[in-house]
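The values are calculated or read from the model by the stated rules, or taken from the named source; none is laboratory data. Note that the structure is a prediction, hence the values are computed from the model and not measured. Please note that ligands, DNA and RNA were not included when accessible areas were found on the heavy atoms of the full protein model with its side chains. Shrake-Rupley method; radii C 1.70, N 1.55, O 1.52, S 1.80 Å.
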Amino acid sequence: MTLTQQIVTIAMVVLGTMLTRFLPFLLFPAGKPTPRYIQYLGKVLPAAVFGMLVIYCLRSVDILGGSHGIPELISIVLVILLHLWKRQMLISIAGGTVCYMLLVQLAF
């Protein structure tokens, strides 16, 4: 990249970052109530994002070949059990990830 291209790239990254950081405060100031559709999106989007991530992570699991999806299934069960036990999202995600990595590297 030339120096001009580098400067333009950095400027675009800075602009994009500033826009995503400041725009919500400009659109929804502290004194005004948050619109109902934004409140609705705040309630439903987290679950939708996690559902999409689960589908994305499991899209390439081949049940008929290799390990038959056993490491993925064990890790999913562990995530569910950890979440029901501790109710801490980070513990559940970290526990499932560590379990999956150990199973793939050491057992399967």
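Residues in the stretch 30-37: is at least one open to solvent by 70 Å² or more (accessible area, probe 1.4 Å), at pLDDT below 95 and either assigned to a helix (DSSP H, G or I) or of a type in the set (Val, Ile, Thr) (or both)? Within the stretch 30-37 (the criterion being open to solvent by 70 Å² or more (accessible area, probe 1.4 Å), at pLDDT below 95 and either assigned to a helix (DSSP H, G or I) or of a type in the set (Val, Ile, Thr) (or both)), the answer is yes, since at least one residue qualifies. Return a yes/no flag: does the stretch 92-100 have any residue that is assigned to a helix (DSSP H, G or I), under 15 Å from the mean Cα position of the chain (by Cα) and polar (S, T, N, Q). Yes: one or more hits. Selection of the stretch 51-78 for residues being open to solvent by less than 50 Å² (accessible area, probe 1.4 Å), at pLDDT below 90 and among the acidic types (Asp, Glu) yields an empty set.
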